[in-house]
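Participant: Questions regarding the structure given below will be posed in turn.
The values are calculated or read from the model by the stated rules, or taken from the named source; none is laboratory data. As the structure is a computational prediction, the values presented were derived from the model and not from experiment. For accessibility, only protein heavy atoms count, side chains too; no ligands or nucleic acids. Shrake-Rupley method; radii C 1.70, N 1.55, O 1.52, S 1.80 Å.
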Amino acid sequence: MKRLFLFLIAALGIMAPHHAMADDLPKNGMVMNFKPFDSKYGPFYDQISRQTLQVYDISTGELRTAPKREKEGFFGDYDWGFLCDSCKMFDTDLKLGSKMTILVRFKSNNNATTRGPIALMRKGQPDSLWYFPISIEKNRMIYMEGKPSPEDSAMVRSRWHYDIENGGHTAVFVLIDFKSGRHEVYTQDSASVFYNTRLSELAEQPNRLLFTQQEEMLINEFAVWNRLLTKDEILFYYHGKKSKDHELMEPVPIVGNVEEADGVIMHGWNTTRWVCVAMLVTLFIIWLIRRFRNINVHYSFSGSPLIILAGIFGTWYLQSNLDTDVENMWIYNLVNILTYYFISFRADPMYTIRNAGGVGSVINYVGGVFAMLGEVLDSIPHTMWEVTYVNRRTGEKRTQIERHNNIIISIFWIVVIIFVIWLFIIFSQLIYQILPFITLCKFIMNFFKERSAFKEARQYCSQRQSEE
């Protein structure tokens with residue numbers, strides 16, 4: 001049984017979707033390219049500078065070898081890269097002109113307020129002289145500082161919510177013109193522009209790229225060019241050969257929204273999600289009012305335990321594997337599942353519904369699944385062998401009975417179980433997406449069924465009274 005369980009886990013790991021790397025980046029003007037999926041020298045090796053990433057000591061300006069790890073990163077075995085658990089850099093100067101492009105692809109669960117994860121600087125400089133083109137200061141937030149246009153006199157700080165791509169990673173391009181101070185920031189579905197001339201005002205131009213220390217930040221890929229990439233090159237990175245079917249958004253000037261955004265409870269909530277929450281809360285309030293009006297009436301659970309389990313599993317699976325980019329998503333999930341659960345209780349004055357209670361139905365359903373799995377395992381043909389083990393040192397013999405299952409039948413049931421689990425994962429993701437619609441349908445159906453049940457109860461009472 002234990003071997004079967006381990007095999008199922010391994011099989012599901014193989015079936016899990018892996019992130020496909022984009023096509024090769026343009027080589028023209030490239031001065032640094034960290035791409036661990038293609039590197040045979042390890043996750044700390046840069047292919048262009050032929051240097052290995054090292055830990056940078058801010059206080060002394062010294063570099064030392066980064067400690068090796070059996071598993072790089074905390075996001076899983078398939079996420080190659082390095083953690084920003086300390087400041088890191090390559091011991092090589094960047095040969096830059098008046099323009100540069102930075103690509104950084106990262107995966108973050110960062111709730112800290114430290115700046116980074118990249119900074120432009122010179123070796124030995126204090127951190128007060130470092131330049132941060134952008135900062136990922138809070139979970140799924142890009143911070144930028146500059147002027148919306150060259151004509152503006154005031155600097156503003158802007159906070160921008162970014163979307164997460166497949167696999168939970170985010171790739172950001174930063175195009176910098178040192179002389180004009182123009183910065184263009186691109187993600188797969190949005191773009192921003194601002195002006196900051198601090199780089200041109202420094203006594204010495206930065207020549208090092210530093211990865212600053214940041215909590216729970218994994219750098220998965222980065223590259224540096226001594227020119228500005230074209231929009232077609234950026235688009236090609238995001239979409240590969242299908243880039244002709246997509247467009248890159250035009251950069252929008254930043255706005256001073258940091259103070260305003262601090263008062264916002266949640267980020268990344270679109271209109272559809274807000275409407276769903278409002279609708280579900282309204283349905284629950286209506287159901288609650290009707291329940292109090294029928295306080296003496298028996299209510300029975302008429303929902304589907306499978307839908308509840310699929311909703312719970314779909315919530316866990318999507319958030320743990322796809323790392324949804326919506327803050328406080330648990331509010332939406334909790335409202336979604338609880339509303340369906342409570343609305344599934346409907347007036348049953350005649351006690352016609354034979355299902356167990358809500359929690360009881362779910363427990364019974366889970367128990368039935370495990371009982372069925374047990375029957376499947378018991379149905380596999382097996383042979384009992386009597387095996388004698390001899391201790392070579394003492395000559396002591398020990399006899400025990402071993403059960404050996406039929407290999408062909410075992411493999412058949414393993415394939416069937418994996419296929420069922422795979423279908424349940426797909427079903428759970430579907431239910432997770434359409435559960436508000438299912439809840440609305442359940443509410444309407446129960447309304448009409450309750451009217452019919454009350455009508456039947458009144459007829460029954462009238463009949464009993466006439467008989468008496």
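Participant: Mind checking the per residue accessible area of segment 143-217 for me, 1.4 Å probe, whole number of Å²?
Facilitator: 39 Å²
Participant: Relative contact order for segment 326-432 using alpha-carbon pairs under 8 Å, separation at least 6, rounded to a whole percent?
Facilitator: Once normalised by length, the contact order is 16 percent.
Participant: Still on this structure: With a 1.4 Å probe and every protein chain kept in, tell me what percent of the accessible surface of segment 322-419 is carbon plus sulfur.
Facilitator: Answer for segment 322-419 is 64 percent, counting heavy atoms of protein chains only.
Participant: Just how far, in whole angstrom, is segment 386-404 from segment 127-205 if you go by their alpha carbon centroids?
Facilitator: Going from one Cα centre to the other spans 70 Å.
Participant: Something else now. For ILE285 and ARG157 in one chain, what is 0.36 nm times their gap in residues minus the Cα-Cα distance, to one decimal in nm?
Facilitator: This chain segment gains 41.9 nm when fully extended.
Participant: Could you please state how large a percent of the accessible area of segment 174-288 is carbon and sulfur, counting protein chains only and using a 1.4 Å probe?
Facilitator: Its accessible area is 55 percent carbon and sulfur atoms.
Participant: Taking N as the number of residues in segment 149-286, what value does Rg over Cα atoms divided by 2.2 N^0.38 Å take?
Facilitator: So the Cα radius of gyration is 1.33 times the expected 2.2 N^0.38 Å.
Participant: Could I ask something else about it? According to the Kirkwood expression over distinct Cα-Cα pairs, how big is the hydrodynamic radius of segment 400-463, in Å?
Facilitator: When all Cα pairs of segment 400-463 are included, the Kirkwood radius is 16.7 Å.
Participant: For segment 269-417, take the alpha-carbon Rg, divide it by the Kirkwood Rh, and send me Rg/Rh.
Facilitator: Rounded to two decimals, Rg/Rh equals 1.24.
Participant: Tell me which residues come under 5 Å, amide H to amide H, from ALA66 once H is placed; ignore anything under 5 positions away on its chain.
Facilitator: Sorted by chain and number, the residues that satisfy this are VAL55.
Participant: Averaging the inverse of every distinct alpha carbon separation and then flipping it gives the Kirkwood radius. What is it for segment 141-217, in angstrom units?
Facilitator: Hydrodynamic radius (Kirkwood, Cα pairs) of segment 141-217 is 14.2 Å.
Participant: Read phi for every residue in segment 240-253 and hand back ³J(HN,Hα) as whole Hz from Karplus 6.51 cos²θ - 1.76 cosθ + 1.60, θ = phi - 60°, with x for Gly and Pro.
Facilitator: Whole-Hz 3J(HN,Hα) from phi for segment 240-253: x, 5, 8, 5, 5, 8, 10, 10, 8, 5, 6, x, 9, x.
Participant: Quick one: what are the phi-derived ³J(HN,Hα) couplings along segment 398-411, Karplus 6.51/-1.76/1.60 with θ = phi - 60°, whole Hz, x for glycine and proline?
Facilitator: 9, 10, 9, 9, 10, 9, 10, 7, 5, 5, 5, 5, 4, 4
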